[in-house]
Every structure is written in C-alpha cells, then in structure tokens.
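Worksheet for the structure shown next.
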Amino acid sequence: MFSIIMPIYNSENYLRDSIESVINQSIGFKENIELILIDDGSVDSSPQICESFKKIYPNNIKFLKIENSGPSAARNCGMLNVSEKSKFIGFLDSDDTFSDNALKSIYDFFCDTGKDVNIAVLPVYYTGEKEGEHKLNHRFEKGTKSINILNEYKAIHFYIGGTFYRRHLLNNSALFNESISFWEDAIFFNQLLLKEKNYGAVAEGKYFYRKRKEQNSLVDYSWFDKKRYTYLLNVCYWNLIMDSIKKYDLVLPYVQFLIVYHIKLFLYPNYRESYKSVLNHQEQKKFIDDFIKILKFIDPQYIKEQDMPMYYKEFMFNLLEANTATLENIKKEKVLQSSCTITSIKIKGLKLELTGHFINQYYEMQENDWIYIKYFNRLKKCKRKELERTIEVWGFKLRDFRYAGFIVEIPIWACAFDFVLKTPNDVLELNRVNIFKSLLTKIFKK
C-alpha cells in the first residue's frame, strides 16, 4: 500500500531509528509497507545496517546502492523501484523519523476528506540538538484539512520529508532534478503543487526532523558552493515563477510568498558575506542583479507580511524602489513596544551607574535623539555612549547604532524608573524598570 523512499548517506548513528520508525507504524509494516533504502555511496556502516534489516524483512525492504550522486539521484532511484501494487509514495530522510501513527493518519486522509487530493504533508517537529516545532506548523492548528494554495497563499511548503503522494502522480515526468543540490525538494514539491492546487495538511501524525550538531559545518559549507547563488536563483526561483505565469498568467501569491520566505536567507548574518569568498567581482554583480530580477516579480505586500527583521524588509523595498509608507506605520507602532536594555549596573556610593542601549529593528537612533530616565517626576538626560555596531548587506548600510548607547547615574533609591526617548519631533515613553525586582528575580532563578 505504502512505498517509503529513504536516501542514505553516512547516517550510521541515526539510521536504525529511522528504519524502525517505519517498521513500527501502527498501520502494519508487513501487511502495508515497502521500505526502499538507497545508499548514496556511504563510507560508514550504513550499508551493513540496511543489509541487516533486509535480512529480517526480505519481503518489505528493498536495498539499492548507487555511486555518490546526491539525494535527488537517490530518490529518483527509489521512485523507479516502487512496486506496482503501491498506492502511496512517501519520503523519509535517513536521520529523521515518523510518529507511529504517521502513515495511518495519511491513509485515513486520502480515503476520507482527501479523496480528491493527491498530495499530503505532516507537521514537522525538531529533535536532537533543537526541539520544538517548525514555524510553518501553523497550517495544522485547526486540524487536518485540505489546503487550496489559490486561497491560502501563506500555507507554503518546501521540504520533502513527511510528504506523501498518490502513486499515479509520480510518473517519470515528476523525477527530481539531479543538476541541483539545493532546494531540489522544494522545486519538486511545488512544481507538482502548481498543477494540483491542493494538498492535505494532516495534523494527527508527526515528522521528526533531526538537527544534528555535526551537520552545522555541512550546512555552512553549502553556502560556499557557486551553485548556491546565481544558479539557484535562475534554476529554482526563476523556473517556479515561469511555471506559475505559464499556468495562471501571473505569479501566484503563494509562489511570491514562498520565494521571499526562502530568498531572505541570503540577507541573514550567517550567509550574507559568504558570496564574497565564492564569487569573483563579476559573478557577485551578476548574483545581486539576478536577486533583484527575482524580486521584481514580488509584490511588496508579500515582503511586508514576512516574519523577518524590519531592516531586511526595508532593504527589499528599496531594491524594488517601492513606497515604504506602510513599513513606517508599522515601525511607529512597534517603537512604543520596544525597550531600552541595561547592560551593566555599578554602585557608586549612593548612586547607580547604568550603561545600556536602545537597539531594535524598528528604530535607528539619530544624533539629535536622546534617552532620558524618568523617576519621581524628574527627567534625567543620559550621556551618549557611542557604539561601533552596524548592519550591512552587500555594501548597503541598513542600520547604524552608533548613537544607541547611553550611560547615566541615578540615586540608589530611584530603583524604579521609566525610559523615555526624545526626538526632535516626539517624546516616547518606553519600558519601565525596577532594578531591585529584576535582581531578586535573577537570584531566585538561580
């Protein structure tokens, strides 16, 4: 009934758990599941682990070997070896696991509320070095349902683990693109979804995604591959945009929201400088030009709605030469909810010396702005303590926090006070602080 495809590369530490999570499915492994293991040139004991399980379940486990070619080639190999009797195909990575009821919940969906739906996905939960649930799990909050991407454009999906398909949907034309090493699963899933329009969000089961400590360097290393830049933009994002235009005569809001959700990673601190060590000067310019080319197909609305720092939204708006008035309105509201941070407290006789800063994503302190402390109906102006801290992307300065630091002395008995921001045009009351209460809280937490 189910064929589960698992590409494997040097996963000896976690492979047994992954395989056993399939064997232990409540739907019945021997009766209803074939597990297709594809070793992608592992040099550890992964092949031996696969052989040991195949000996125990020779009728349910297929074990195939290929030369190291990447996960796309391994998954393609698996799909070409699915049994004719299979009705559903699913994907599981070799360090991840299913909850015991995962396949039963998918089966129930396809046979009940999802009779006319050909794709289904499980919610993702982290395990290992990180715990909790994926940000995109908001799609499952109201229980199992069918999602139409024409109506719910924020219900994006881009990972392959924990996705399931009716067998007839995955013919030879739906094979993974082996020429790409990044986002190959997102392109595979979303090109199918553009045709289908609907997919099932199945809330009952769970997909456990393992965050491995030893993977950190591999993830970082991927950003030092030239194909991670211009090639990715043009083969993945661009093709998805063109597919949408070809089918719908426009770039669907779903596609726009999906691309911004992912393309923003190029701006984040861990990755935004990597391109300089990978691309020459001409290639760097080409990458940035193509980044802007992709961005030109995005309505600013779908940038504004993203969960990312405000200065990245402003940066994208500026690249598009879009009106930032809507962002300014948000910033004004958020500044009132922002806080000054005290970084050190020193006792000097009968006075407290406070050092801190007013750093946040919504406001950049200017030379004529000042932080005050309000206590006993008195306003005391803080002295400036200039900071050497900026946020830059590709030579563009997004924030300069030089004026955000402050230092001030207050009477020791003025332990409760308010921070106030004065600008040439506004007086904004910020957060209230109780020094003694904060110290007591820290003591009791210890």
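A few remarks follow.
- Residue check, Tyr237 among the hydroxyl-bearing types (Ser, Thr, Tyr), farther than 18 Å from Ser181 by Cβ, at pLDDT 95 or above and surrounded by 14 or more Cβ atoms within 10 Å (Cβ to Cβ): no
- Of all residues in segment 286-344 being surrounded by fewer than 18 Cβ atoms within 10 Å (Cβ to Cβ) and among the small types (Gly, Ala, Ser), the one that is nearest to Asn431 (Cα to Cα): Ser339
- Between Ser21, Ser42, the distinction of being farther than 30 Å from Ser146 by Cα and either buried (at least 18 other Cβ atoms within 10 Å of the Cβ) or without any contact (Cβ under 8 Å) to a residue 12 or more places away in the chain (or both) belongs to Ser42 only.
- Residue match in segment 286-295 (condition: assigned to a helix (DSSP H, G or I) and farther than 21 Å from Ile180 by Cβ): yes
- Selection over segment 338-350 of residues that are in a loop (DSSP other than H, G, I, E, B) and touching a His at 6+ places or on another chain (Cβ under 8 Å) gives a count of 1.
- Positions within segment 345-367 being over 38 Å from the mean Cα position of the chain (by Cα) and either closer than 20 Å to Pro424 by Cβ or β-branched (Val, Ile, Thr) (or both), in sequence order: Ile347
- Qualifying residue in segment 368-382 (condition: surrounded by 16 or more Cβ atoms within 10 Å (Cβ to Cβ) and of a type in the set (Asp, Glu)): yes
- Filtered residues of segment 3-13 (kept if in contact (Cβ under 8 Å) with a residue 40 or more places away in the chain and in contact with a Ser or Thr (Cβ under 7 Å, 6 or more places away or on another chain)): Ser3, Met6, Pro7, Ile8, Tyr9, Ser11
- Screening Asn101 on (1) in contact (Cβ under 8 Å) with a residue 60 or more places away in the chain; (2) surrounded by fewer than 20 Cβ atoms within 10 Å (Cβ to Cβ); (3) within 28 Å of Leu240 (Cβ to Cβ) shows it passes everything except condition (3).
- For segment 247-274, a residue qualifies if it is surrounded by 14 or more Cβ atoms within 10 Å (Cβ to Cβ), more than 21 Å from Ile187 (Cβ to Cβ) and not small (Gly, Ala, Ser), and the qualifying residues are Leu267, Arg272.
- Identification of strands (runs of 3 or more DSSP E) wholly contained in segment 351-446 with 1 or more residues that are in contact (Cβ under 8 Å) with a residue 60 or more places away in the chain yields 351-357, 390-393, 396-400, 405-411, 416-422, 427-434.
Each row is one residue, and each column tells you yes or no for (1) under 30 Å from Phe182 (Cβ atoms); (2) of a type in the set (D, E, K, R).
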| residue | (1), (2) |
| --- | --- |
| Glu20 | yes, yes |
| Tyr57 | no, no |
| Ala74 | yes, no |
| Thr97 | yes, no |
| Ile106 | yes, no |
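- Tabulated pairs, segment 233-249, first in contact (Cβ under 8 Å) with a residue 12 or more places away in the chain, second outside any helix (DSSP H, G or I) and of a type in the set (Phe, Trp, Tyr), C-beta under 8 angstrom, 6+ apart or interchain: Cys236/Phe182; Cys236/Trp183; Ile241/Phe297
- If the condition is being surrounded by 19 or more Cβ atoms within 10 Å (Cβ to Cβ) and touching a residue at least 60 places away in the same chain (Cβ under 8 Å), then segment 24-39 contributes Gln25, Ile33.
The values are calculated or read from the model by the stated rules, or taken from the named source; none is laboratory data. Not measured: the values here are computed from a predicted model. Cβ atoms come from the backbone with ideal geometry, glycine included; neighbour counts cover every protein chain shown.
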